[in-house]
Structures are given as C-alpha cells and as structure tokens.
Amino acid sequence: MSEGQMLLFIRVLLVLYGLIAGATGVSAFLEPYDGITDPFEDNSHRFIAAIWASTALGFFYVAWRPSETALFRFLLSALFIGGVVRAGALVHYSPDLAIVAVILLELIPTPLMWAMQSRLTKSGRI
C-alpha cells in the first residue's frame, strides 16, 4: 500500500469513527428516560454517552491533522480497549451480528492504523 493510500485509509476510518461516535453518543444521551432503569444507571449511561459523542471532535481533528500522534494514539487505544471489553462481555450473552461487526471494527483496523501512522510519521509524510 502506498503512503497516499495509507493516509486515505486512516482518514476515512477516523471520519467513520467520528460519525459513529457523534451519532450514537448524541442519540444515547437524548433518549427519554424510561422510568424503569435505575436513575444512577441512567445518569451514568448519559454521562458516558456524552463523553463518547465528544470524542467525535477528536476523531475529526485527527483526520484533518493525522500528525497529532498523542491524540491519535489515545483515540485508537480507547477504541481497541472498548473492543476488547465488548468481546469479553460476549460470555454473558449470545453474540448478535451487529455487535460482532462493531467489535471487529474496533479491533482490526486500529492496530493497522497505528502502524500506518507510525510509518507515515517516520517517513515525514505527515
């Protein structure tokens, strides 16, 4: 893969992650309270959803400026750890195809993107 293709791959996935984070985060914290869920659990879920939605800004910024290595690596680490935690949670229930797809999106591209960004940084491309 050429350096230009690597950079495009990184940017496309960062924008995709940003869109997912923004959309799912905002929709989660705007959900109406169902009256059944424990208030503390509901409040914690909304707080985490807001943080997740906020990461969209980081994904978009790093897509525009992929040389921001610390932020890039922080975001990819968070995605990868989230994928590991999701995969571990599958011991509690049967895997749904959508959940498996999200786990794969978190676990497979992130190490590839990390390696590509490192290579592009070392070559001076970014």
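General remarks:
- Table column - 3J(HN,Hα) (Hz), region 59-70, Karplus curve with 6.51, -1.76, 1.60, x for Gly and Pro: 4, 5, 4, 5, 5, 6, 9, x, 6, 6, 4, 4
- Sparse-neighbourhood loop sites, trypsin sites (Lys or Arg not before Pro) in region 37-126 - DSSP loop, at most 16 other Cβ within 10 angstrom: R125
- Reported label for calculated log10 I(q)/I(0) by the Debye sum over Cα atoms at q = 0.12, 0.13, 0.18 Å⁻¹ given (i) -0.59, -0.66, -1.04; (ii) -0.71, -0.79, -1.04; (iii) -0.52, -0.59, -1.00: (iii)
- Within region 1-35, the chymotrypsin sites (Phe, Trp or Tyr not before Pro) that combine a DSSP coil assignment with at most 11 other C-beta atoms in a 10 angstrom radius are Y33.
- Lys/Arg +1, Asp/Glu -1 at C-beta; the chain dipole; positive extreme among L90, V12, A78: V12
- Each label point was placed 7 Å from the Cα along the Cα-to-Cβ direction; for E3 and T37 their separation is 4.7 nm.
- Between V26, F47, T121, the Cα set farthest toward the positive side of the dipole of the chain (charges on each charged residue's Cβ, about the Cα centre) is that of T121.
- For region 43-48, the Karplus equation 6.51 cos²θ - 1.76 cosθ + 1.60, evaluated at θ = phi - 60°, returns couplings of 5, 5, 4, 5, 4, 5 Hz by residue, with Gly and Pro reported as x.
- Heavy-atom accessible surface of region 6-104: percent carbon and sulfur, 1.4 Å: 73 percent
- Rh by Kirkwood over Cα pairs, then Stokes-Einstein D for region 1-42 at 1.002 mPa s and 20 °C, µm²/s: 166 µm²/s
- Axis of helix 109-123 versus longest Cα principal axis of the chain: the two differ by about 30°, to the nearest ten degrees.
- Full-extension gain in nm, L97 to L71, via 0.36 nm per residue minus C-alpha separation: 6.3 nm
- Charge tally for L14 (other residues, Cβ to Cβ under 13 Å; Lys, Arg +1; Asp, Glu -1): +2.
- For region 50-118, accessible area per residue (1.4 Å probe, heavy atoms of protein chains only), Å²: 57 Å²
- Of the chymotrypsin sites (Phe, Trp or Tyr not before Pro) in region 45-126, the ones in a loop by DSSP (not H, G, I, E or B) with at most 15 other beta carbons within 10 Å are Y93.
- Basic side chains Lys and Arg get +1 at the Cβ, acidic Asp and Glu get -1 at the Cβ, and with that the dipole of region 19-126 about its Cα centre reaches some 860 debye.
- Environment charge at S67 (Cβ cut-off 15 Å; Lys +1, Arg +1, Asp -1, Glu -1): +4
- Angstrom value of the Kirkwood radius, inverse mean 1/r, which spans all Cα pairs in region 33-101: 14.4 Å
The values are calculated or read from the model by the stated rules, or taken from the named source; none is laboratory data. If you're wondering where the values come from, they're calculated on a predicted model, not measured in any experiment. A quick note on method: Cβ atoms are made from the backbone with ideal geometry, for glycine too, and the neighbour counts reach across all protein chains shown. Protein only, heavy atoms only, side chains kept; ligands, DNA and RNA dropped before computing areas. Shrake-Rupley method; radii C 1.70, N 1.55, O 1.52, S 1.80 Å.
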